[in-house]
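The values are calculated or read from the model by the stated rules, or taken from the named source; none is laboratory data. Bear in mind that the values here come from a model prediction, so they are computed numbers and not experimental data. Ideal geometry is used to build each Cβ from the backbone, glycine not excepted, and the neighbour counts take in all protein chains shown.
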């Protein structure tokens, strides 16, 4: 029995890096959880594609599915999107670099690829590429974010580029000559929010036919290994103890009610905030209800000499932190982690 009927880079990467997560996602069909990194990337990607900082336009574009139909977006997510847009647009240096970066980009975004490799359906989306009809796909771009460093060697060893190159070759009978991996570097602020740094790095990768040939041979093996894993998983399910699901259903219903309450609270809070500001009310207290009040944050416009000194210290700290990150990565590659587990729950969408 085949559970996996097609291959995408996300499937391959998940299978190669974490079998347990692959099983949860594709066999147990757990709902996809969007991390703060993913939400940030969706906003940044949409800003690049639209070249717009208009909140409504960006959120409307993100709300569309692959069929261009607008989907409902939870209130908390809309709030998070607006906060991310604000953090990006307020960083003038990054916006200026983003504008310069735009001039290097091709005219087409989200170009769908779908080809059969050894009778296996392979799917993908090019982040950015030339117009296929007028220019052909001799090169393309792949965007990356997050703080884990990219360098030339890592870009050249990134098989996603070769996976896309194979599909392009199947489609046009011409292997692309090169690809560009653009790393839009990000970091975390003191509150754990994802923020852009001032750095945009571009790595030019020549598509090596030898690497393409290696991956072509690997694709049917990966496909078979995935479905073999599914057979093993099915066998393991047959021996599982029967679990009373009534408590689980009750828990899920409570979680669903909680989510709806929190969404409604977020909308009401925005409406109360607007009314209090319109009426210039700082605090409102009502018996049996409680108090609504504002927590103030102070912000100073520091002189250039203080800012310059802080930047110097931050740059030194960044270099030292990078050394620690590399040491940790080396240690993790050679040692086994201590694993602990706690029961978690994610509501089915």
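Miscellaneous remarks
- Checked against the criterion of being free of Cβ contacts under 8 Å to residues at least 24 places away in the same chain, farther than 27 Å from residue 192 by Cβ and in contact with a helix residue (DSSP H, G or I) (Cβ under 8 Å, 6 or more places away or on another chain), the range 57-71 has at least one qualifying residue.
- Residue within the range 215-222 that is loosely packed, with under 14 Cβ neighbours inside 10 Å and outside any helix (DSSP H, G or I) present: no
- Those residues of the range 117-141 which are closer than 19 Å to residue 215 by Cα and in contact with a strand residue (DSSP E or B) (Cβ under 7 Å, 6 or more places away or on another chain), in sequence order: 120, 121, 122, 123, 124, 125, 126, 139, 140
- Answer from 46, 80 - the residue that is at pLDDT 85 or above, surrounded by 14 or more Cβ atoms within 10 Å (Cβ to Cβ) and under 21 Å from residue 262 (Cβ atoms): 80
- Condition check for residue 41: in a helix (DSSP H, G or I), touching a helix residue (DSSP H, G or I) at 6+ places or on another chain (Cβ under 7 Å) and either within 26 Å of residue 139 (Cβ to Cβ) or at pLDDT below 85 (or both): no
- Scan of the range 156-197 for residues that are out of contact with any strand residue (DSSP E or B) (no Cβ under 8 Å at 6 or more places or on another chain) and surrounded by fewer than 21 Cβ atoms within 10 Å (Cβ to Cβ), ordered by number: 157, 159, 169, 172, 173, 174, 175, 190, 191, 192, 193
- Only residues that are exposed (fewer than 10 other Cβ atoms within 10 Å of the Cβ) and over 21 Å from residue 197 (Cβ atoms) were counted across the range 299-329, and they come to 4.
- Residues satisfying the stated conditions in the range 1-38, i.e. over 28 Å from residue 192 (Cβ atoms) and not in a helix (DSSP H, G or I): 1, 2, 3, 4, 5, 6, 7, 8, 28, 29
- Evaluation of residue 46 against (1) outside the structural domain of residue 141 (by TED's automatic domain parsing); (2) out of contact with any helix residue (DSSP H, G or I) (no Cβ under 7 Å at 6 or more places or on another chain); (3) over 21 Å from residue 271 (Cβ atoms) (one fails), failing number: (2)
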